[in-house]
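S.K.: One structure is given below, represented as structure tokens, and several questions about it will come after.
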Amino acid sequence: FETISHASQRLQSCRGGVAAMISLDVEKGALHYAGLGNISTLRVRDDKTKRFPVRDGQIGGPPRRAYEERLELETRDLFILHSDGLTTLRMADLKSGFFRRSPLLIAGVLLHRFFRGRDDASVVVVRVTEEV
């Protein structure tokens with residue numbers, strides 16, 4: 001995404017940060033993903049998890065191109081993006097029906113159960129609800 005490159009240029013004089021972005025095009029049934037730095041992005045589909053790769057680096061640091069990927073969407077796909085303020089999510093630590101709950105509830109439970117207790121933490125949970 002050009003957005004990550006633009007943010008990185010704007011943060012050159014700052015400490016830096018990490019970023020992951022998803023763009024959902026439900027009409028075309030496609031997702032575009034980009035990530036740079038220590039941030040995690042996962043897709044949960046039918047109790048199977050795909051972890052998206054990420055490129056080392058940081059926005060605001062030396063110029064780096066984010067890892068990018070495109071994939072097909074399915075209705076009910078669930079996407080979780082979280083910072084390293086949460087421990088690595090292990091699906092075995094969660095009950096199988098957990099990801100069928102509302103995205104807001106999922107985000108709250110993840111923050112509560114997996115917060116490291118230091119650093120900041122952020123989590124975004126999105127579910128595709130339109131027919132793809």
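S.K.: In deg cm²/dmol and to the nearest 500, what is the mean residue ellipticity at 222 nm of the chain if only DSSP H runs of at least 4 residues count, each as -39500 (n - 2.57), divided by the residue total?
M.R.: For the chain, the value works out to -4500 deg cm²/dmol.
S.K.: Taking the Cβ of Thr88 as the center, what net charge do the other residues with Cβ under 12 Å away carry, scoring Lys and Arg +1 and Asp and Glu -1?
M.R.: Within the 12 Å Cβ shell, the charges total +1.
S.K.: Specify the inter-centroid distance of the range 28-43 and the range 74-95, based on alpha-carbon positions, in whole Å.
M.R.: 12
S.K.: Taking only Cα atoms, what is the 0 to 90° angle, nearest 10, from helix 103-114's long axis to the longest principal axis of the chain?
M.R.: Around 70 degrees separate the two axes.
S.K.: Answer with one residue from Phe99, Thr75, Met21: the one whose Cα lies farthest towards the positive end of the charge dipole of the chain, charges on Cβ with Lys, Arg +1 and Asp, Glu -1.
M.R.: Going by the Cα projections, it comes out as Phe99.
S.K.: Which value, in debye to the nearest 20, describes the size of the charge dipole of the chain about its Cα centre when Lys and Arg Cβ atoms bear +1, Asp and Glu Cβ atoms bear -1, and nothing else is charged?
M.R.: 460
S.K.: Does a label point 7 Å from the Cα of Ala30, set along Cα-to-beta-carbon, have any residues of the range 41-72 with amide nitrogen under 15 Å, and which are they?
M.R.: 68-72
S.K.: Please quote Rg/Rh for the chain to two decimal places, taking the Kirkwood radius as Rh and restricting both calculations to Cα atoms.
M.R.: Reported Rg/Rh (Cα atoms, Kirkwood Rh): 0.98.
S.K.: Still on this model: May I ask you to derive the FRET efficiency for Arg113 and Lys48 from their Cβ-Cβ distance with R0 = 22 Å, giving the value to the nearest 0.05?
M.R.: Approximately 0.55, to the nearest 0.05.
Any read-out appearing in this document is the output of simple, stated calculations on the displayed coordinates, not a laboratory observation. Quick caveat, the model's predicted, so the values are computed rather than measured. Note that we place each Cβ from the backbone using ideal geometry, even for glycine, and neighbour counts take in every protein chain shown.
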